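One structure below.
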Amino acid sequence: MAKMLIGGELVDSVSKDTYEVRNPATGAVVDTAPKGNEKDVLQAIQAAETAFKEWSDVTAEDRGNALMSACELIKKNSGEIAQLLTQEQGKTLFEAGLEIHHLVHGLEFYAGLASKVRGAHVPLPQKGAYGMVVRQPIGICGGIVPWNFPLTLMGTKLGPALAAGNTIIIKPASTTPLATVRAIELIQQATFGEGKAQKQMTKGAVNVVTGPGSTVGEEILRNPRIRRIAFTGSTPVGRHVMEVAGREIKRVTLELGGSDPMIVMEDANLDMAVKMADIGRFFNCGQMCLGVKRLFLHESVAEKFVGGLVEILKKKTVGNGMSKETRMGPIHIESQRQEVEEQVEDAKSRGAKTIFGGERAKGGDLDKGYFYLPTLLSDVPDDARVTKEEVFGPALPVYTFKTIDEAIEKSNASEFGLGSSIWTRNLVYANKAIDKLQAGNVWVNSLHYGYDELPFGGVKSSGVGREHGPEALDYYLEPKGVVIVNV
Ligand code: NDP
């Protein structure tokens, strides 16, 4: 049975309640996890508060060294963690490996930044006086993580939080606690310093409490001792997070849903664009916040583009992520599969045509899991759910356009504004897209991918604040104005 990690110890929930974690590919129980509640969060808060006194006092360089050591431990155990991730989440082993690689890369990025934090010296109008801006850790942070990328989205919170000298409590999604607990157990074992001076990371600097959003999540949001909330998840829950955490005037960042447009102009490198549309939509079975969710094709290249994409989809083996042959795993939970099905059916009922897929993947072992075929839809009207809503699964609506202005206008006609891309070799088109697309990220001739080096986040209903990049550190540091007068 899996445990939680509080104050450096692997523990059961106070209530001793547990719940089953199931494999979305087979329905089989992978393991059980502690069903935590408010009491477990209170214990984690106590541990994180005690740890903060020590961890915030560790030199920035040693905090970075500890994060680097954590990365080494994760790399050494990546095979075991990948298996856990595939079994609880459904993604292929290849995708799980990439996720662990991304987690490590992100943690290494913040390990490097820990000792590079800068303040400021400010001349003041008063004679003999100057100001300083010092940047201090905030205290205990709460990181609430969804099920689509349990590890990387945990790392985008834990990395900058620890580098800045904060302590953190992570709440994974109920359905994906296992790889997270194992990775955090390893992170807690990280060391810094050499020889006799070597120390282990302060116990309680990282904690993980498993259990439902309605109890564990709520306590993290409302408890005033947690000063900073980093949330990744759906837009409706994000609204709730802001309301509840706002009552305690917490610092909140929200990474929410998206409906990224991909615009393909008449002069694009079509071969490359087709490959990236496939990865951008169908990687992780389409369960990505950023990803190609609406495909806009210039009418002169639409037929060729769709033909190329269909050829790729024909070869995409859907199945259990543990099999080497599998190229796309199941949707993570049954309710999410139903949601995608209903969105696709809604589009069909409004006149959309199915170019590929459009139904469950069936037969043999596939009937045990939540499988769905990669799906392409054309002739999709503006009022279809797949146009207006986020599609969090392997279905892609395809639209055509005549001019760049039309493509940008349609792209912006969404409540979301997370990612976007344009495929062109024309600088005027590219600059127009960079300037006019309402999104936190614009990729030009590039995959929808969240680089650790660049700020990542959304506008409109896609969220507030940024993760990734040096910018994310700002959300974990409190600037303090200081005045010094020579008397
Ligand atoms: P949810 O919003 O349902 O859940 C996200 C997390 O919030 C889970 O840990 C969940 O716990 C928790 N939670 C649920 N209710 C509460 C509550 N009342 N208080 C506190 N925490 C709560 O999202 P999904 O897990 O379904 O993830 C999919 C969504 O995440 C998609 O919309 C996707 O676009 C978005 N996402 C955004 C990203 C971004 O960076 N912008 C990246 C990845 C995903 P529990 O599991 O126990 O319910």
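So which residues in the stretch 258-296 are part of a helix (DSSP H, G or I), in contact with a Phe, Trp or Tyr (Cβ under 8 Å, 6 or more places away or on another chain) and of a type in the set (F, W, Y), if there are any at all?
The answer is none; no residue qualifies.
With near the ligand (Cβ under 9 Å from one of its atoms) and touching a helix residue (DSSP H, G or I) at 6+ places or on another chain (Cβ under 9 Å) as the only criterion, which of T167, T176 stands out? Walk me through it before giving the result.
On the way: T167 fails: near the ligand (Cβ under 9 Å from one of its atoms).
Sole residue among the options that is near the ligand (Cβ under 9 Å from one of its atoms) and touching a helix residue (DSSP H, G or I) at 6+ places or on another chain (Cβ under 9 Å): T176.
Could you tell me which residue of the stretch 319-356 is farthest from V398 (Cα to Cα), considering only residues that are of a type in the set (K, R) and part of a loop (DSSP other than H, G, I, E, B)? Give the derivation first.
Initially, the stretch 319-356 is screened for residues of a type in the set (K, R), giving 324, 327, 337, 348, 350, 353.
Add one more test, that the residue is part of a loop (DSSP other than H, G, I, E, B), and what stays is 324, 327, 350.
On the way: K324: 30, R327: 22, R350: 14 Å.
Per the stated criteria, the residue is K324.
Could you list, in sequence order, all residues of the stretch 186-212 that are open to solvent by less than 40 Å² (accessible area, probe 1.4 Å) and either among the small types (G, A, S) or within 16 Å of the ligand (Cβ to nearest atom) (or both)?
Of all residues in the stretch 186-212, those open to solvent by less than 40 Å² (accessible area, probe 1.4 Å) come to 186-188, 190, 192-193, 201-202, 204-212.
Across the stretch 186-212, the qualifying residues are A190, G193, G204, A205, N207, V208, V209, T210, G211, P212.
Yes/no per residue for (1) basic (K, R); (2) part of a loop (DSSP other than H, G, I, E, B); (3) crowded, with 20+ Cβ neighbours inside 10 Å:
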residue: S115; (1), (2), (3): no, no, no
residue: V122; (1), (2), (3): no, no, no
residue: Q126; (1), (2), (3): no, yes, no
residue: C141; (1), (2), (3): no, no, yes
residue: G165; (1), (2), (3): no, yes, yes
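Looking for something over 23 Å from E467 (Cα atoms), modelled with pLDDT of 95 or more and among the basic types (K, R) - is there at least one such residue anywhere in the stretch 220-237?
No.
Give the stretch 162-209 a look and list any residue that's under 23 Å from D17 (Cβ atoms) and among the hydroxyl-bearing types (S, T, Y), or say none.
Result: S174, T175, T176, T180.
Whether any residue in the stretch 349-362 is hydroxyl-bearing (S, T, Y) and surrounded by fewer than 18 Cβ atoms within 10 Å (Cβ to Cβ) is what I want to check.
yes
Let me confirm something: among T215, T175, which residue is farther than 27 Å from A82 by Cβ, open to solvent by 10 Å² or more (accessible area, probe 1.4 Å) and β-branched (V, I, T)?
Working: T175 fails: farther than 27 Å from A82 by Cβ.
Result of the check over T215, T175: T215.
Any residue at all in the stretch 367-382 that's of a type in the set (V, I, T), out of contact with any Gly (no Cβ under 9 Å at 6 or more places or on another chain) and farther than 17 Å from I331 by Cβ? Don't jump to the end; show me each part of the working.
Taking the stretch 367-382 and keeping what is of a type in the set (V, I, T), we get 375, 380.
Still in the running and out of contact with any Gly (no Cβ under 9 Å at 6 or more places or on another chain): none.
No, because not a single residue in the stretch 367-382 is of a type in the set (V, I, T), out of contact with any Gly (no Cβ under 9 Å at 6 or more places or on another chain) and farther than 17 Å from I331 by Cβ.
Do we find that R251 is closer than 14 Å to K157 by Cβ, open to solvent by 30 Å² or more (accessible area, probe 1.4 Å), more than 15 Å from the ligand (Cβ to nearest atom) and modelled with pLDDT of 95 or more in this structure?
Numbers: closer than 14 Å to K157 by Cβ: yes; open to solvent by 30 Å² or more (accessible area, probe 1.4 Å): yes; more than 15 Å from the ligand (Cβ to nearest atom): yes; modelled with pLDDT of 95 or more: yes.
Yes.
The values are calculated or read from the model by the stated rules, or taken from the named source; none is laboratory data. Worth saying up front: this structure is predicted, and the values here are computed from it rather than measured. Note that each Cβ is placed from the backbone with ideal geometry, even for glycine, and that neighbours are counted across all protein chains shown. Please note that ligands, DNA and RNA were not included when accessible areas were found on the heavy atoms of the full protein model with its side chains. Shrake-Rupley method; radii C 1.70, N 1.55, O 1.52, S 1.80 Å.
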